[in-house]
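Contents: one structure, followed by commentary.
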Amino acid sequence: VFTLRQYLLALLDSRGLTRTLGEIDVCRDEQGRPCFSAGNSAAVFRIRLGGRIRSLRCYLRPMRHLKEIYGQRLLEKELYLHTSPETGVWVDTVLGDWIEGSTLHETVAQAAALRDRESLQILVRLFDRLALALVTDDRAHGDLKPENIIVGDDGTLCPIDFDASHPARTAANFDERIDDYPAALISTALHALAENPTLWDRYGSSDGLLYTPQRIASDPAYRETLALFEKRGMAVQYRIAQLLTAPTLRLFGLAELLAEAVREKPAARSGTETETPELFVENGRWGYRTAERVVVAPLYDNGFDFTEGLAAVQLGGTWHYIDTAGRTRLSCPGCAAVKPFRGGKAQVVRNGERQEIAHPLKTPRYQ
């Protein structure tokens, strides 16, 4: 175990204490204090090297799999730390770029406190694209968490290090799919907060966003999130959230779900076109397709054919009506049964009574 003091002593007077980097100039703030941030496992120093601002990650305890995570950025036995006046040890460091901005955790906390749903929705879209790239890449980052993602001053997301890991992870599981679980965890939390920022007031955490992976199935924030997605017809997010209770690190179908999440939905069909999407089932879930392509991914537990441009679909225990682009146009929480639209009206059963509702694209929305 190494201390911050040992690293500061080495870096503030690094002559002869590095193998390849030469002398290191640690940046200082306006009060003259060294610039660094420290976590449970490492400290990251802001340094000036070769005329560039860089980051130097220094570990406070021995870490495994650094070579697999960082590749050429890992400098093995690079820095000499004094463990006593006469003895010392060479330790590994990681050299990287320094990125200006705030962490995703800080940005989300601020936006949620301000009830800024628009900013949260932007973060959702940016993160889902990043997550899709991570889970389809053939490399592993291995320590993905909100504190290790920088929201740059230019509005981009940049992973800088990477630990919101599945509770069952061991050394034997370290492969290119190790980012699946934290990617799904963060995506789920961001979508939930974008829909209901008050979740942060009740469940926001300094260690993550909303959930505790070690008890995810019984986590109250997770249960509330599932209910929120079900009620609002957020089928893709509902299915990604369900993956968080999987017993394995590899979340089967996550890449396809993320691809669906970032896919730009086309304009809804007018209902007057000759080809109407037809129901199909895949792995026990229902979707819609034409002869040429799938137009609504198989995400639903039940469904009816399209009539008058809408189809009734069931997500969990809640019925919704979607258009031919897959957008939820009408939600019917509490309805035990629904029927397709005919002549601008549809029958639903709620609280044991049969009721008639109007087409949502022609009249005010059903409540």
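The values are calculated or read from the model by the stated rules, or taken from the named source; none is laboratory data. Keep in mind that what you see is a predicted model, and the values were worked out from it rather than measured. All Cβ positions, even for glycine, are placed from backbone atoms using ideal geometry, and neighbour counts span all protein chains on display. For accessibility, only protein heavy atoms count, side chains too; no ligands or nucleic acids. Shrake-Rupley method; radii C 1.70, N 1.55, O 1.52, S 1.80 Å.
State all residues of the stretch 277-293 that are open to solvent by 20 Å² or more (accessible area, probe 1.4 Å), over 19 Å from M234 (Cβ atoms), under 31 Å from the mean Cα position of the chain (by Cα) and not acidic (D, E); if no residue qualifies, say none. Result: L279, V281, N283, G284, R289, R293.
Scanning the stretch 7-52 for residues that are touching a Lys or Arg at 6+ places or on another chain (Cβ under 7 Å) and not aliphatic (A, V, I, L, M) returns R19, E23, D25, C27, P34, C35, F36, S41. Examine the stretch 158-174 for a residue that is modelled with pLDDT of 85 or more and either surrounded by fewer than 17 Cβ atoms within 10 Å (Cβ to Cβ) or more than 15 Å from the chain's Cα centre (by Cα) (or both), and state whether such a residue exists. Yes; the residues of the stretch 158-174 include at least one that is modelled with pLDDT of 85 or more and either surrounded by fewer than 17 Cβ atoms within 10 Å (Cβ to Cβ) or more than 15 Å from the chain's Cα centre (by Cα) (or both). Report yes if some residue within the stretch 8-28 is farther than 18 Å from L75 by Cα, outside any loop (DSSP other than H, G, I, E, B) and hydroxyl-bearing (S, T, Y); otherwise report no. Checking the stretch 8-28: not a single residue is farther than 18 Å from L75 by Cα, outside any loop (DSSP other than H, G, I, E, B) and hydroxyl-bearing (S, T, Y). Reported count of residues in the stretch 35-65, each being over 17 Å from L9 (Cβ atoms), hydroxyl-bearing (S, T, Y) and open to solvent by less than 60 Å² (accessible area, probe 1.4 Å), is 2. Note on the stretch 327-360: residues that are of a type outside the set (S, T, N, Q), assigned to a strand (DSSP E or B) and either out of contact with any strand residue (DSSP E or B) (no Cβ under 7 Å at 6 or more places or on another chain) or under 27 Å from L226 (Cβ atoms) (or both) amount to 13.
Taking the stretch 30-59 as the range and being under 13 Å from W98 (Cα atoms), of a type outside the set (K, R) and assigned to a strand (DSSP E or B) as the test, the residues that pass are F36, S37, V44, F45, I47, L49, I53, S55, L56.
Residues are listed down the side, and each one gets a yes or a no for (1) of a type in the set (D, E); (2) crowded, with 19+ Cβ neighbours inside 10 Å; (3) over 26 Å from the mean Cα position of the chain (by Cα):
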position	(1), (2), (3)
L244	no, yes, no
P247	no, no, no
L254	no, yes, no
A297	no, yes, no
L310	no, yes, yes
H320	no, yes, no
A337	no, no, yes
V348	no, yes, yes
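For the stretch 42-63, a tally of residues being of a type outside the set (A, V, I, L, M, F, W, C) and either at pLDDT 90 or above or in contact with a Leu (Cβ under 6 Å, 6 or more places away or on another chain) (or both) returns 7. For L75, the conditions (1) over 25 Å from the mean Cα position of the chain (by Cα); (2) more than 19 Å from V44 (Cβ to Cβ) are fulfilled apart from (2). Whether a residue is at pLDDT 95 or above, out of contact with any strand residue (DSSP E or B) (no Cβ under 7 Å at 6 or more places or on another chain) and closer than 24 Å to A133 by Cβ was assessed, and E264 does not pass this test. Do the conditions hold for G96, that is, is it in contact with a His (Cβ under 6 Å, 6 or more places away or on another chain) and either modelled with pLDDT of 95 or more or surrounded by 13 or more Cβ atoms within 10 Å (Cβ to Cβ) (or both)? When the stated conditions are applied, G96 does not pass them. Scanning the stretch 106-145 for residues that are open to solvent by less than 20 Å² (accessible area, probe 1.4 Å), modelled with pLDDT of 90 or more and either not in a helix (DSSP H, G or I) or not hydrophobic (A, V, I, L, M, F, W, C) (or both) gives a single hit, D128.
Residue pairs whose Cβ atoms lie under 6 Å apart, sitting 6 or more positions apart in sequence or on different chains, and linking a residue in the stretch 86-105 that is closer than 20 Å to R19 by Cα to a partner that is surrounded by 15 or more Cβ atoms within 10 Å (Cβ to Cβ) and among the aromatic types (F, W, Y), are G88/Y80; W90/Y80; V94/Y70.
A search for C-beta distances below 8 Å between a residue of the stretch 339-355 that is farther than 14 Å from W319 by Cα and any residue that is among the aliphatic types (A, V, I, L, M), counting only pairs 6+ apart in sequence or on different chains, returns G344/A358; K345/I357; K345/A358; G352/A336; R354/V348; Q355/V348; Q355/V349. Looking at the structure I just gave you, is Q72 open to solvent by 80 Å² or more (accessible area, probe 1.4 Å), more than 30 Å from T198 (Cα to Cα) and not in a loop (DSSP other than H, G, I, E, B)? Yes, satisfied.
Selection of the stretch 350-360 for residues being of a type outside the set (K, R) and open to solvent by 20 Å² or more (accessible area, probe 1.4 Å) yields N351, G352, E353, Q355, E356, A358, P360.
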